[in-house]
Amino acid sequence: MEDENIQLANRTLNQERIKLNVGGKLFETTVSTTRSGGPESLLYALSNRPRDDRNPIFIDRDPEIFSVLLSLLRTNRLPSSARRFSKQELFDEAIFYGIEANLKSAISPPSFDGIDASIVANIRPTSDGVVSAFTAGDGDGSIWLAHGGQISCYDRNLIHDRTIRTHLEEITSIRRVWPEIAALGSDAISGLHYYNFSSGRHIGSTNWSDPKDPRIYKARVTAIADSPTNIFAAFECAHRENSVLVIDQTTLQITSELGRQLGSSAKSTVAGKLTWIPETSVLFGSSVTCGAFGYSGYVRLWDSRSGDVVWETNEPGSGRSSRFGDSFADVDVDVESMKLFKICSKSGDLGVADIRKLGDDPWVYLKDKNPGMGNTGRRGSGNIKIHCFRKQVLVGREGELEVWSRVEERENGVEESKDIGEDFYRRNYVDKAEDSERGIIKEIEGGGDRLFVSRENVEGIEVWETSKSSGAVSIL
C-alpha cells in the first residue's frame with residue numbers, strides 16, 4: 001500500500017506544471033518534461049523547488065533557443081525552427097542546461113545505409129579549399145582534413161575545432177593514429193611525420209634508411225594504416241625501391257620491414273592502400289597502376305608478426321583466372337565481413353573473395369539484384385574508386401556513386417550464410433544526377449555513421465548521411 005502511494009505521488013508530481021521565465025519570455029511545461037534531461041541537468045534541479053512557490057523561475061538566457069530545446073525534451077526530436085540556429089549555438093545552450101546528451105542523440109545520424117543516403121553538408125576549409133587527403137575519426141563521425149600544408153579538425157558535430165600549420169608544403173597521406181596525433185606523409189618531402197593536434201607541435205618523424213644500401217634514402221610515404229600497437233607505412237625511394245615499415249606506436253621506431261621490393265615492375269610497385277585486419281592480425285596492401293596496356297597491380301596479405309606473405313594475387317596474372325585480361329582498377333577489404341572486393345577495369349564488374357577461403361582464383365562476380373537498374377552506368381572505363389563501409393561496398397565511377405548492399409537471406413526465412421553467392425548483393429545509386437556532375441570522385445572514406453567523399457579539383461569534402469525515417473529535421 002505504501003509503495004502504491006509513493007508511485008501515485010510521483011505521477012502527480014510529474015504532471016504538475018512549472019513556469020519558467022527565460023530571457024523575459026514565459027514558458028509553461030510539466031515537471032516530467034523538465035526532468036527528461038536527466039538528474040544532472042539544470043532543469044531537473046529547478047523542478048525540485050518548493051511546491052507552494054508558484055512564481056516563474058527566471059533564467060537569463062536566449063528564449064528562442066530555449067523554445068527549441070524544450071521541444072526537444074518533449075518529443076526527443078528537433079523542431080523545424082532549429083534551422084534558424086547554428087549547431088554551435090544550440091550546443092552552447094544545451095551545455096548550459098545540462099542536456100547536451102539529448103541534443104547529441106537528436107542530431108546524430110542513424111546507422112549508415114547507402115540506399116537512403118544524401119549529402120547533408122560540404123566541409124570547406126577557409127584556406128586552400130581543395131582537400132589533398134583526409135582521415136575520418138573512428139566511430140564518432142569527426143574528420144581531419146589536409147589542405148596544402150595545413151590540417152583542419154571538425155568534430156562529431158562537423159563544427160570546426162582548430163587548424164594547425166605543418167612544415168610540409170603539401171600533405172598527401174594522413175592517418176589519425178591516436179585521439180590527438182596525426183601521422184602525415186607527403187609526395188614532396190621524405191619521411192613519416194607526427195603532429196600533436198592539441199598543441200600543434202611536430203613531435204617526431206620516421207625515415208627509412210639502410211647503411212648497407214645507398215639506394216634507400218629520401219623515401220616518401222604513399223599509404224598509412226595502424227593497429228593498436230603499430231603504425232604501418234608504405235615508403236618509396238627516388239629509384240622506386242619500396243617497402244612497408246612496421247613502426248612501434250610508443251617509441252616511433254621501426255621494428256621490421258614487410259616485403260622490400262625493387263619497384264621495377266607492376267608486381268613490385270609501392271603499395272597505395274594499406275588496411276589492418278584485426279581478426280587475423282594481417283595487413284592488407286594493394287597497388288594499382290594504369291599504363292598504355294591497361295591496369296595492372298597486386299593484392300598482398302602479410303602476417304604482421306612474422307612478416308611473411310600469407311596470400312597474394314597479381315593481375316593481369318595467369319590464364320587460370322576466370323577474368324584474365326580484365327584486371328582490377330581498385331580493390332578494398334571489408335574488415336567486418338572478412339571479404340575482399342575489387343572492381344574490374346574493363347567490364348566494371350564487382351568481384352568478391354572470402355579472406356577465410358583464399359586460393360588461386362577465389363573471386364565470385366556479383367550480379368545485380370535490382371532489376372530496375374539494368375546495366376546502366378556499369379562500366380570499367382574511367383576513374384574508379386571502391387570503399388567498404390558498414391558491410392556495404394561504395395563504388396565511385398567517374399562522378400557517380402553507387403552502393404552494393406547485402407541482401408539478407410533472412411528475408412526468405414533462411415539463416416544468413418557465410419558463403420558468397422553471385423546474387424547476394426543489390427546495387428543502387430547513392431547520388432542523384434546533379435550530384436554526379438560535381439566532379440570525378442577522388443577518395444571515399446566512412447567514419448561513424450557518415451560517408452565522406454572528395455572530388456578532383458573541387459573544394460571541400462561532401463558529407464553523406466542516411467535520412468531519418470522518424471521525420472526529424474536535420475540541422476546540418
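The values are calculated or read from the model by the stated rules, or taken from the named source; none is laboratory data. These numbers come from a predicted model, not from an experiment. All Cβ positions, glycine included, derive from the backbone under ideal geometry; neighbour counts span all protein chains shown. We work out accessible area using only protein heavy atoms, side chains counted, and drop any ligands, DNA or RNA first. Shrake-Rupley method; radii C 1.70, N 1.55, O 1.52, S 1.80 Å.
Leaving out ligands and nucleic acids, and using a 1.4 Å probe, what accessible area per residue does the chain come to in Å²? All intermediate terms of the calculation are to be shown ahead of the outcome.
Numbers: 22310 Å² over 476 residues.
Using a 1.4 Å probe on heavy atoms only, each residue of the chain averages 47 Å².
As an exercise, use a Förster radius of 25 Å and the Cβ-Cβ distance of Ile203 and Glu279 to find the FRET efficiency, rounded to the nearest 0.05. Intermediate values should be presented prior to the final figure.
Numbers: r = 31 Å, r/R0 = 1.24.
After rounding to 0.05, the efficiency reads 0.20.
As I understand it, the value is the acute angle between the Cα axis of helix 2-15 and the longest principal axis of the Cα atoms of the chain; what does it come to in degrees, rounded to 10?
Rounded to the nearest ten degrees, it is 80.
How much length, in nm to one decimal, is gained on full extension between Arg162 and Thr250, taken as 0.36 nm per residue of separation minus their Cα-Cα distance? Mind showing how you got there, number by number?
On the way: separation 88, 0.36 × 88 = 31.68 nm, distance 2.54 nm.
Once the chain is fully extended between Arg162 and Thr250, it gains 29.1 nm.
Which one, Ile224, Gly141, Cys153, is farthest towards the positive end of the dipole of the chain when Lys and Arg carry +1 and Asp and Glu -1 on their Cβ?
Positive-end residue among those listed: Cys153.
Just need the Rg to Rh number for the chain, please, alpha carbons only, Kirkwood Rh.
Details: Rg = 26.6 Å, Rh = 25.2 Å.
We get a ratio of 1.06 for the chain.
For the chain, what is the mean residue ellipticity at 222 nm derived from helices alone (per DSSP H run of n ≥ 4: -39500 (n - 2.57); sum divided by total residues; nearest 500 deg cm²/dmol)? Intermediate values should be presented prior to the final figure.
On the way: 7 runs with 60 residues, N = 476.
Computed mean residue ellipticity for the chain: -3500 deg cm²/dmol.
Calculated FRET efficiency, Ala292 and Thr29, Cβ-Cβ r, R0 60 Å, to nearest 0.05? Could you put the intermediate results ahead of the total?
Values: r = 72 Å, r/R0 = 1.20.
According to the calculation, E is roughly 0.25.
Rounded, prolate or oblate, given the Cα gyration tensor of segment 53-211, with a/c below 1.5 counting as rounded? Before the final figure, lay out the partial values.
Working: a/c = 2.96, a/b = 2.33, b/c = 1.27.
Cα axes put segment 53-211 in the prolate bin.
If I model a spin label at Arg83 and Ala121 as a point 7 Å from the Cα along the Cα→Cβ vector, what separation in nanometres do I get?
1.7 nm
What nm distance separates the two modelled labels at Glu437 and Lys218, each placed 7 Å from Cα along Cα→Cβ?
4.6 nm
Quantify, in whole percent, the carbon and sulfur part of the accessible surface of segment 72-190 (1.4 Å probe; protein heavy atoms only). All intermediate terms of the calculation are to be shown ahead of the outcome.
Working: 2270 of 5150 Å².
Accessible surface attributable to carbon and sulfur in segment 72-190 totals 44 percent.
At 0.36 nm per residue, and after removing the present C-alpha to C-alpha distance, how many nm does the segment from Glu312 to Arg61 gain when stretched out fully? Please report the intermediate quantities before stating the final value.
Values: separation 251, 0.36 × 251 = 90.36 nm, distance 6.28 nm.
Taking Glu312 through Arg61 to full extension adds about 84.1 nm, to one decimal.
Quick check: pseudo-label points 7 Å beyond the Cα along Cα→Cβ at Lys391 and Arg406, how many nm apart are they?
Between Lys391 and Arg406, the label points sit 0.3 nm apart.
So how much slack lies between Asp113 and Ala45, counting 0.36 nm per residue of separation and subtracting their Cα-Cα distance, in nm?
Numbers: separation 68, 0.36 × 68 = 24.48 nm, distance 3.96 nm.
Result: 20.5 nm gained on full extension.
Return the subset of Lys218/Lys391; Lys212/Lys273; Lys267/Lys357 for which the Cα-Cα distance in this structure is over 30 Å, preserving the input order.
Values: Lys218/Lys391 39 Å; Lys212/Lys273 28 Å; Lys267/Lys357 23 Å.
Flagged as over cut-off: Lys218/Lys391.
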